[in-house]
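Below is one structure; the comments refer to it alone.
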Amino acid sequence: MSVSVAFEKARADDRAALVGYLPAGFPDAEGSIDALQVMVEAGCDVIEVGLPYSDPVMDGPTVQAAVQQALEGGSRTTDVLRTVEAVAATGAPTVVMTAWNPVERYGVERFAAALDDAGGAGLITPDITPDEAGPWLEAADARDLDKIFLVAPSSTPERLAMTVASCRGFVYATAVMGVTGARSSAPTLAGPLVERTRAATDLPIGVGLGISNADQAAEVAAYADAVIVGSAFVRTLLDAGTDRRAGLDALRALTEDLARGVRRA
Amino acid sequence: MSTAHEIRPGYGPDETGHYGDFGGRFMPEALVAALDELDTAWQKAVLDPVFIADFERLLRDYAGTPSMLYDAERLSERAGARILLKREDLNHTGAHKIRNVLGQALLTKRMGKKRVIAETGAGQHGVASATAAAYLGLDCTVYMGEVDTERQALNVARMQLLGAEVVPVTSGSRTLKDAINEALRDWVASVDHTAYLFGTAAGPHPFPSLVLSFVRGIGDEARRQCLELTGALPEAVAACVGGGSNAIGLFAGFVDDPDVALYGYEPGGDGVDTDRHAATIWAGDVGVLHGARTYVLQDEDGQTLESHSISAGLDYPGVGPQHAHLARTGRASYVPVTDTEAMEAMRLLSRTEGIIPAIESAHAVAGAMNLAKERPGQTILVNLSGRGDKDMATALEWFGLGDAEATDEPTEQEQ
Ligand SMILES: Cc1ncc(COP(=O)(O)O)c(C=O)c1O
């Protein structure tokens with residue numbers, strides 16, 4: 001199911017959608033499924049399941065730590081697909097956020113098929129651009145999977161137009177120049193970027209990188225179609241350590257808070 | 001300097017940096033504008049006589065190139081072939097890396113950026129970057145895996161003395177690949193005022209081509225010097241391959257000479273039949289790492305494997321795309337050399353010629369000694385990419401040196 005379903009629903013409610021990220025296999029295989037299901041119950045409209053990768057160049061220390069824990073726990077590509085299946089079963093559109101090499105290694109066509117079979121909506125590919133994504137574009141188009149590429153404050157108008165033309169589902173606007181990780185203030189570069197992106201596409205635009213609380217979510221929800229949160233969710237589970245109950249409670253509270261934020265704008 | 005930024009027609013990249021099936025630019029969108037800007041600036045610079053004159057002057061008056069081509073007669077006697085050594089170890093800062101860094105740092109000045117960042121494995125690229133930054137008045141931050149800061153402590157001190165900030169990287173395998181990750185993370189956030197001085201002929205387009213354009217002097221000089229010295233071209237040339245800059249610089253001079261065989265020696269660690277090595281072309285599979293499609297040491301899920309080499313500068317699970325292409329087309333051969341073979345070659349060259357090579361370069365010497373058995377009487381030109389001072393702690397431990405009493409080490413005659 002394409003993420004567009006969730007965006008339409010949010011639009012009908014006259015609010016932005018809340019998109020939540022956690023890596024598969026964190027804190028462990030079952031734990032990540034439990035956590036993602038809590039996030040859906042507590043108000044996430046769309047789920048991003050991260051595929052843990054050994055060289056997470058676009059991630060800051062928080063996500064790096066979670067990914068490392070997942071890999072040390074033996075998380076495999078097939079576990080990611082299993083996680084997608086469990087989360088998609090809740091009815092929330094579920095996409096995979098992944099570095100490129102694991103997809104290429106699995107086989108692009110084979111990955112697309114497995115993702116589709118698992119009920120996944122598509123892929124977010126932060127470390128490549130449409131220029132190098134030919135085989136994925138083809139495989140995704142053949143199965144109507146969402147293709148979510150990133151645009152950045154540094155994107156030129158030409159590149160922005162090219163990128164959104166290759167997207168399906170939504171466009172991911174990176175709010176800051178930098179890696180993932182919670183930041184204390186709302187992003188200042190995101191507004192102008194969303195404006196430029198809007199001029200180039202009718203697709204919904206999600207803003208991510210650095211958003212961690214309801215106030216920031218409300219601020220971003222005023223001009224974006226979705227608020228994307230990752231590191232802040234990861235942080236609640238890292239802070240809870242081995243106390244799973246406390247971790248899920250904190251995760252639920254944060255999700256509810258952010259869900260109120262996207263409705264406040 | 002040749003201004004050609006391609007290896008040669010037939011081996012050059014297409015417009016988007018692909019060498020056959022390899023290379024390209026697999027990078028976050030946030031960095032694409034910066035890579036385009038770099039590409040444009042470099043394309044212009046290599047056509048600008050002022051830039052070329054500046055680069056040539058720095059290479060000559062500051063770095064001390066052309067490095068000499070040395071007829072290693074005593075080593076040749078041992079080898080049974082004529083071994084010529086391209087003495088890049090005599091360059092300022094002690095390795096071929098200074099060539100690349102001076103080119104990129106000059107380009108940084110030209111682009112009006114005030115800060116440079118670099119990754120380093122052995123520390124040679126970090127030292128070269130810190131040196132160029134000091135000379136040209138740029139701020140410099142060097143990312144170095146924590147494991148490498150320990151085994152190359154001398155180079156950490158050199159960088160600090162030169163005024164650079166050295167950041168130990170504690171993520172992943174805490175070696176070169178993780179230092180590259182960390183440098184890229186810095187760059188995504190600092191790209192408007194910072195240039196990334198990439199240390200080898202790998203990474204996203206335009207880095208492989210750009211680095212080649214700055215290091216190809218190694219091969220161009222060596223070809224000329226060999227003709228002067230011997231009246232002929234060598235039958236084979238040899239270099240060690242980490243990311244691939246010194247090897248591609250050497251190969252560039254000879255790739256159009258079909259009778260010259262090209263040999264790249266990969267770090268074989270404990271042996272390529274173990275899982276402790278960094279012989280990427282020999283044992284890796286095609287994948288994408290650090291911005292390029294190339295050979296990668298990876299597991300069946302595409303996770304990068306931890307590499308191992310006694311030589312920090314070769315301890316990298318990827319390789320530049322130009323080498324992947326030269327291997328695929330069969331123009332160059334890539335062969336592993338173990339830690340033990342490299343350390344033996346380090347001692348052999350020290351004892352026969354009075355030249356202590358970097359352990360990286362010792363891989364090329366060891367490879368050439370093996371090659372000589374297949375090519376008796378022929379001329380083999382070896383790139384001695386760096387000097388061994390930085391490796392004394394490793395040698396001390398490996399050979400049990402440092403204790404003036406201990407003499408049970410084999411003498412030269414016994415070897
Ligand atoms: C002396 C020396 N040789 C070789 C290398 C390997 O790099 P490359 O393969 O890019 O030449 C290094 C890297 O640090 C080095 O210091």
ask   = Are any of the residues in region B:150-167 within 14 Å of chain A (Cβ to nearest Cβ), more than 12 Å from the ligand (Cβ to nearest atom) and either farther than 17 Å from B:Gly313 by Cβ or part of a helix (DSSP H, G or I) (or both)?
value = yes
message = Which residue is nearest to the other protein chains (Cβ to nearest Cβ), if the candidates are limited to region B:174-190 and must be surrounded by 20 or more Cβ atoms within 10 Å (Cβ to Cβ) and polar (S, T, N, Q)?
response = B:Asn181
request  = Would you mind finding the one in B:Val319, B:Val288 that is more than 17 Å from the chain's Cα centre (by Cα) and within 29 Å of A:Met58 (Cβ to Cβ)?
outcome  = B:Val288
inquiry  = Which condition from (1) over 13 Å from B:Leu326 (Cβ atoms); (2) away from the ligand (no atom under 13 Å from the Cβ); (3) of a type outside the set (D, E, K, R) is the one that B:Tyr263 breaks?
reply    = (1)
request  = Filter region B:7-65 down to the residues that are of a type in the set (Lys, Arg) and part of a loop (DSSP other than H, G, I, E, B), then identify the one that is nearest to A:Met58 (Cα to Cα).
outcome  = B:Arg25
task = Return yes or no: is B:Ser333 within 13 Å of the ligand (Cβ to nearest atom) and either farther than 30 Å from B:Ala30 by Cα or not in a helix (DSSP H, G or I) (or both)?
result = no
query = Of all helices (runs of 4 or more DSSP H) completely enclosed by region B:195-288, which ones contain at least 3 residues that are touching a helix residue (DSSP H, G or I) at 6+ places or on another chain (Cβ under 8 Å)?
reply = B:207-215, B:217-230, B:245-252
key: Residue satisfying condition, being under 22 Å from the mean Cα position of the chain (by Cα), away from the ligand (no atom under 16 Å from the Cβ), more than 14 Å from every other protein chain (Cβ to nearest Cβ) and on the phi < 0 side of the Ramachandran plot, within set B:Leu69, B:Leu75, B:Leu85, B:Leu90   = B:Leu69
task = Go through region A:211-265 and count every residue that is farther than 30 Å from A:Leu193 by Cα and not in a helix (DSSP H, G or I).
result = 3
query = Given the structure, is B:Thr338 hydroxyl-bearing (Ser, Thr, Tyr), away from the ligand (no atom under 14 Å from the Cβ) and either under 17 Å from the mean Cα position of the chain (by Cα) or surrounded by fewer than 23 Cβ atoms within 10 Å (Cβ to Cβ) (or both)?
reply = yes
task = Answer yes or no: is there a residue in region B:118-137 that is touching a helix residue (DSSP H, G or I) at 6+ places or on another chain (Cβ under 6 Å), of a type in the set (Phe, Trp, Tyr) and away from chain A (no Cβ under 12 Å).
result = no
request  = For region B:9-44, name all the residues that are small (Gly, Ala, Ser), closer than 25 Å to A:Met177 by Cβ and more than 12 Å from every other protein chain (Cβ to nearest Cβ).
outcome  = B:Ala41
remark   = Selection over region B:282-306 where residues are modelled with pLDDT under 95 and buried (at least 22 other Cβ atoms within 10 Å of the Cβ) yields a count of 0
message = Show the residue pairs meeting these rules: Cβ distance below 8 Å; 6+ apart or different chains; first residue within region B:88-108 and without any contact (Cβ under 8 Å) to a residue 24 or more places away in the chain; second residue not in a helix (DSSP H, G or I).
response = none
query = Can B:Asp285 be described as within 14 Å of chain A (Cβ to nearest Cβ) and away from the ligand (no atom under 16 Å from the Cβ)?
reply = yes
query = With respect to the numbered conditions (1) within 16 Å of the ligand (Cβ to nearest atom); (2) within 14 Å of chain A (Cβ to nearest Cβ), which one is the sole condition not fulfilled by B:Gly302?
reply = (1)
remark   = Of (1) within 14 Å of chain A (Cβ to nearest Cβ); (2) buried (at least 24 other Cβ atoms within 10 Å of the Cβ); (3) more than 13 Å from the ligand (Cβ to nearest atom), B:Val237 satisfies every one except (1)
ask   = Can we say B:Thr141 is of a type outside the set (Asp, Glu) and within 19 Å of B:Met392 (Cα to Cα)?
value = no
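The values are calculated or read from the model by the stated rules, or taken from the named source; none is laboratory data. Since the structure is predicted, the reported quantities are computational estimates derived from the model, not experimental observations. Glycine gets a Cβ as well: all are built from the backbone with ideal geometry, and neighbour counts include every protein chain shown.
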